[in-house]
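For reference, the structure discussed in these notes is given below.
Bear in mind these aren't lab numbers, they're just calculated from the coordinates by the rules spelled out. All values reported here derive from a predicted model rather than from experimental measurement. All Cβ positions, glycine included, derive from the backbone under ideal geometry; neighbour counts span all protein chains shown.
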């Protein structure tokens, strides 16, 4: 299992992927910053989940933390997408799930680095 600096590095790359996608979207359209707001909201949801689980759960395992952060990050991303004007369709679910996936991977790698 990855520990230490390699896990931190891969975690940072995993966090950067949704933001890179959002920046590419903004640059291609010239004005659409909605994905950036969705990425920020999803990151905050995943981070809050990890913080709460580490603080209040007796023994949060990596699997419980990863699945929980994925579910919360995806839900928050879809809600943020609806707040910034995207419809609640398949596209919002796909973007929300992909952002949630990368933030859950980052949380898992961070959990591995700390353990």
**OP:** Please identify, among 101, 56, 70, the residue showing maximal mean-square fluctuation in a Gaussian network model of the chain using a 10 angstrom Cα cutoff.
**Re:** 56
Original post:
What residue among 45, 85, 100 has the largest mean-square fluctuation in a Gaussian network model of the chain, using Cα springs under 10 Å?
Top reply: 85
Original post:
Taking 0.36 nm per intervening residue step and subtracting the Cα-Cα distance, what contour gain separates residue 90 from residue 19 on full extension?
Top reply: 23.5 nm
**OP:** Specify whether the C-alpha gyration tensor of the range 1-56 places it in the rounded, prolate or oblate class, a ≥ b ≥ c being the square roots of the eigenvalues: rounded for a/c under 1.5, otherwise prolate if a/b is larger than b/c and oblate if not.
**Re:** oblate
Original post:
residue 31 label point, 7 Å along Cα→Cβ, cut-off 16 Å on backbone N: hits in the range 68-97?
Top reply: 85-86
Original post:
Relative to the longest principal Cα axis of the chain, at what angle does helix 34-56 sit, 0 to 90 degrees, rounded to 10?
Top reply: 20
**OP:** Mind pulling the angle between the C-alpha long axis of helix 90-114 and the longest principal axis of the chain? Nearest 10 degrees, somewhere in 0 to 90.
**Re:** 30
Original post:
What is the extension gain from residue 63 to residue 98, computed as 0.36 nm multiplied by their sequence separation minus the C-alpha to C-alpha distance, in nm to one decimal?
Top reply: 10.8 nm
Original post:
Gaussian network model of the chain, Cα springs within a sub-10 Å range: biggest mean-square fluctuation belongs to which of 22, 104, 86?
Top reply: 86
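Defining a contact as two alpha carbons under 8 Å apart and six or more residues distant in sequence, what relative contact order in percent does the chain show? Each step should come with its number before you reach the end.
Numbers: 166 pairs, mean separation 46.2, N = 115.
About 40 percent, as a whole number.
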Subject >> Cβ-based exposure ranking for 102, 37, 5, in which fewest neighbours within 10 Å come first >> reply: 5, 37, 102
**OP:** May I ask for the angle, rounded to the nearest 10°, between helix 62-83 and the longest principal axis of the chain, with both axes built from Cα atoms and the value confined to 0 to 90°?
**Re:** 20
